[in-house]
Amino acid sequence: MEHVKPATVESASAIPMLVTLDIRCTEIGDSHAVMQVTVGDKHRNYIGGAHGGLIATLADTVSFFPRPLFPSGLACTTTNLNLNYIRPAAVGDMLTARSELIHLGRRVASLRITITNHQGKLVAHGTSTLMITAR
């Protein structure tokens, strides 16, 4: 059985991929988590806006950090990520991703995700499904 060291805001923010992308965890709640990134030049797509992969990474990663999951040491992996892009994000925009745990069963967790810009406008929203690999 795979065990995960319980996560904190600090340990979540120290994940090497997140450090590379400048994504930081800002909040771990009882049924939610929040992560943020300020879109920089290294996040640009071909036409100059935020790459959709940055937004997808933000959505996927924030899904693991409501308190009952990684912060409690629960091992899990993504089985589905469904993301709807609503508006582009530009260099300089601060994006805030919030996950809400809507179901936690014995084998599956379901989450709702919203990503907004610094003006509070919706950039993307979606859902993720995580398979619980060990308790």
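Read-outs throughout are calculated quantities, based only on the coordinates presented, and are distinct from any laboratory measurement. Because the structure is predicted, anything quoted here is derived from the model rather than measured. We place every Cβ from the backbone using ideal geometry, glycine too, and count neighbours over all the protein chains shown.
Report the chymotrypsin sites (Phe, Trp or Tyr not before Pro) located in the stretch 29-135 that are in a DSSP loop and have at most 11 other Cβ atoms inside 10 Å of their Cβ, or state none. Before the final figure, lay out each step's value.
Details: sites: Y46, F64, Y85; in loops: Y46, F64.
The qualifying sites are Y46.
Near A33, the amide H atoms lying under 5 Å from its own belong to S99; only residues 5 or more places off or on other chains count, and H is placed 1.01 Å from N. Relative to the dominant Cα principal axis of the chain, helix 52-62 is inclined by about 30°. Packing here is the average count of other Cβ atoms within 10 Å per residue, and on that basis the peptides 28-39, 8-19, highest first, run 28-39, 8-19. Backbone geometry of the stretch 5-10 corresponds, through the Karplus equation with coefficients 6.51, -1.76 and 1.60 at θ = phi - 60°, to 3J(HN,Hα) couplings of 5, x, 8, 10, 4, 5 Hz, x marking Gly and Pro. Where does the Debye-calculated log10 I(q)/I(0) of the stretch 1-51 sit at q = 0.14, 0.16, 0.25, 0.26 Å⁻¹, using only Cα point scatterers of equal weight, no solvent? At q = 0.14, 0.16, 0.25, 0.26 Å⁻¹ the computed log10 ratios are -0.47, -0.58, -0.96, -1.00. So what is log10(I(q)/I(0)) for the chain at q = 0.15, 0.18, 0.19 1/Å, when the Debye sum runs over its Cα atoms only? Calculated log10 I(q)/I(0) at the listed q: -0.66, -0.93, -1.02.
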